[in-house]
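Visitor: So that we are looking at the same thing, I have put the structure below in structure tokens.
What follows is calculated from the coordinates using simple rules that are stated; it is not laboratory data. If you're wondering where the values come from, they're calculated on a predicted model, not measured in any experiment. Don't worry about glycine lacking a Cβ; one is built from the backbone with ideal geometry, like all the others, and counts go over all protein chains shown.
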Amino acid sequence: MIAATESEYRRFRDLARRELGLDWTRDKKYLIETRLGQRLEQLGMDSFSAYHKHLCGNGGPAELQYFFNTITTTKTGFYRDSSDFDFFRQEVLADLRKQVGFAPHGAIRLWSAGCSSGEEPFTLAFETLEGMVPLSKQEPSLDLRILGSDINTDMLAIGEDALYLDQQMEGLPLPIRKKYFKPTRGNGRTAWQVASNVRSKVDYRHFNLFDRRYPIATKFQVIFFRNVLYYLDRSLRQPLLDRLVNCLAPGGWLFLGKVEAGYSMVGMKKIHTNIFHKTP
Ligand SMILES: C[S@@+](CC[C@H](N)C(=O)[O-])C[C@H]1O[C@@H](n2cnc3c(N)ncnc32)[C@H](O)[C@@H]1O
């Protein structure tokens, strides 16, 4: 394995901080050596300095994207931290029904910011479809759209394909699995694909949460922003949170990760350590 010197490591650390806001103060030298070492070999390079030069020069946007895809931590899962989805089902959906119901213009807009490979936005879709069943035939059908955004294009591609292997299906309640997935075979193994009526509700978009402008023209009733903040530089966390609060509609809900406790935002009431409600 090619080793990185301290000063080489610092150059990659600074790039990750500048571009994605990532915090590598806890030593992540092993991360660049293990995750990027292979790339150096593929490109026939023998030092991290040469690769850094390529990354910031001739490699262009494609190499930078490769770098982002390699260094981001993308752990996720269906119904991850399931008590958040219990709260979503019991409190938030009941509130949404009161707020917008099935009125003709009652749009429901949810955002999974930092959605990785799609399990989180799809879980939101299952729960909303299950919880917002029309009470009568007269009610118009649900106007639901869920945005899943991430910087990692490899993960977004998985979300777009909506194909998951057996081990990724753990944590899914059996009735949801039966109702919203169908088996498909490819490369000699079985995968499970999310049903088209769910896929059609989820839009995946590629952008950086630190981009000056978001390609978003709507306000959301719910934002799931879980397990992203934890990886970011402390000084960047609060401004980013305040920005996301601006993307919430009055009366909207914000979910952080379970480990992301201790935050507060103007105009947001803390309901649990990681769940906030915007003043209606
Ligand atoms: C650990 S995953 C969390 C996935 C999901 N929210 C969950 O809790 O299961 C963090 C995700 O945030 C994304 N991410 C990190 N920094 C980002 C940034 N600056 N802009 C957009 N996405 C980012 C990563 O690519 C990764 O997929």
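Visitor: Could you please rank Trp253, Trp111, Trp24, placing first whichever residue has the fewest other Cβ atoms within 10 Å of its Cβ? Please report the intermediate quantities before stating the final value.
Guide: Numbers: Trp253 24, Trp111 30, Trp24 19.
Neighbour counts put them in this order, fewest first: Trp24, Trp253, Trp111.
Visitor: Please determine, in degrees from 0 to 90 and to the nearest 10, the orientation of helix 29-42 with respect to the longest principal axis defined by the Cα atoms of the chain, where the helix direction is its Cα long axis.
Guide: It works out to around 70 degrees.
Visitor: Right, something else. Rounding to the nearest 10 and keeping the result within 0 to 90°, find how far the Cα-based axis of helix 119-131 lies from the longest principal axis of the chain.
Guide: So the helix axis and the longest Cα principal axis differ by about 0 degrees.
Visitor: Assuming 1.567 mPa s and 4 °C, estimate D for region 6-71 with Stokes-Einstein, Rh taken as the Kirkwood radius over Cα pairs, in µm²/s. Mind showing how you got there, number by number?
Guide: Numbers: Rh = 11.9 Å.
Answer from the Stokes-Einstein relation: 109 µm²/s.
Visitor: May I pose another question? Can you tell which of Gly60, Gly131, Tyr79 lies farthest toward the positive end of the dipole of the chain, using +1 and -1 charges on the Cβ of basic and acidic side chains (Lys, Arg; Asp, Glu)?
Guide: Value computed over the given set: Gly131.
Visitor: Just how large is the dipole of region 82-278 about the Cα centre, in debye to the nearest 20, putting +1 at every Lys and Arg Cβ and -1 at every Asp and Glu Cβ? Write down the numbers at each step before the final one.
Guide: Working: 26 positive and 21 negative charges, 74 e Å.
It comes to approximately 360 debye.
Visitor: Return, for the Cα atoms of region 103-213, the radius of gyration and Dmax in Å, separated by a comma.
Guide: Radius of gyration, then largest Cα-Cα span, for region 103-213: 15.2, 47 Å.
Visitor: Okay, moving on. Per residue, how big is the convex hull of region 1-157 when only Cα atoms are used? Give it in Å³.
Guide: On the way: hull volume 22.3 nm³, N = 157.
Residue-normalised Cα hull volume stands at 142 Å³.
Visitor: If you keep only loop residues by DSSP, which trypsin sites (Lys or Arg not before Pro) in region 1-69 have at most 11 other Cβ atoms within 10 Å of their Cβ? The partial results should precede the final answer.
Guide: Numbers: sites: Arg10, Arg11, Arg13, Arg17, Arg18, Arg26, Lys28, Lys29, Arg35, Arg39, Lys53; in loops: Arg26, Lys28.
Sparse-neighbourhood loop trypsin sites (Lys or Arg not before Pro): Arg26.
Visitor: If each residue's Cβ is checked for other Cβ atoms within 10 Å, how do Lys258, Lys98 rank with the fewest at the top?
Guide: With the fewest neighbours first, Lys258, Lys98 line up as Lys98, Lys258.
Visitor: Follow-up question, since we're still on this one. Rounding to the nearest 20 debye, state how big the charge dipole of region 6-71 is about its Cα centre with +1 on each Lys and Arg Cβ and -1 on each Asp and Glu Cβ. Intermediate results must be reported in sequence, preceding the final value.
Guide: Details: 11 positive and 10 negative charges, 39 e Å.
My answer is approximately 180 debye.
Visitor: Let me know the shape class of region 82-278, please: from the alpha-carbon gyration tensor, a ≥ b ≥ c as square roots of the eigenvalues, rounded when a/c is under 1.5, otherwise prolate if a/b is greater than b/c, or oblate. Present the calculation step by step, with values, prior to reporting the outcome.
Guide: On the way: a/c = 1.69, a/b = 1.17, b/c = 1.44.
It is oblate, given that a/c is not under 1.5 and a/b is not larger than b/c.
Visitor: May I pose another question? Taking only Cα atoms and a 10 Å spring cutoff, compute GNM fluctuations for the chain and point out the largest among Ser149, Ser141, Ser117.
Guide: Ser141
Visitor: Return one number: the angle in degrees, 0 to 90 and rounded to the nearest 10, between the long axis of the Cα atoms of helix 234-246 and the longest principal axis of the Cα atoms of the chain.
Guide: Around 30 degrees separate the two axes.
Visitor: What does the net charge come to around Cys56 if you take all other residues with beta carbon closer than 15 Å to its beta carbon, with K and R at +1 and D and E at -1? Write out the running numbers ahead of the final one.
Guide: On the way: positive: Arg10, Arg11, Arg13, Arg17, Arg18, Arg39, Lys53; negative: Glu8, Asp14, Glu19, Glu63.
My count for the surroundings of Cys56 gives +3.
Visitor: Please order Glu127, Glu170 by the number of other Cβ within 10 Å, starting at the fewest. Provide the component values of the computation, followed by the final result.
Guide: Numbers: Glu127 19, Glu170 9.
Lowest count first: Glu170, Glu127.
Visitor: If you don't mind, there's one more thing I want to ask. Can you tell which of Leu209, Gly267, Ile2 lies farthest toward the positive end of the dipole of the chain, using +1 and -1 charges on the Cβ of basic and acidic side chains (Lys, Arg; Asp, Glu)?
Guide: Gly267
Visitor: Something else about it: Excluding same-chain residues fewer than 8 positions from Lys178, which aspartates and glutamates have a Cα within less than 19 Å of its Cα?
Guide: Partners within reach: Glu119, Glu120, Glu127, Glu130, Asp161, Asp166, Glu170.
Visitor: Within the chain, what percent of beta bridges assigned by DSSP are antiparallel, to the nearest 5? Present the calculation step by step, with values, prior to reporting the outcome.
Guide: Numbers: 16 of 36 bridges.
If we restrict to bridges inside the chain, about 45 percent are antiparallel.
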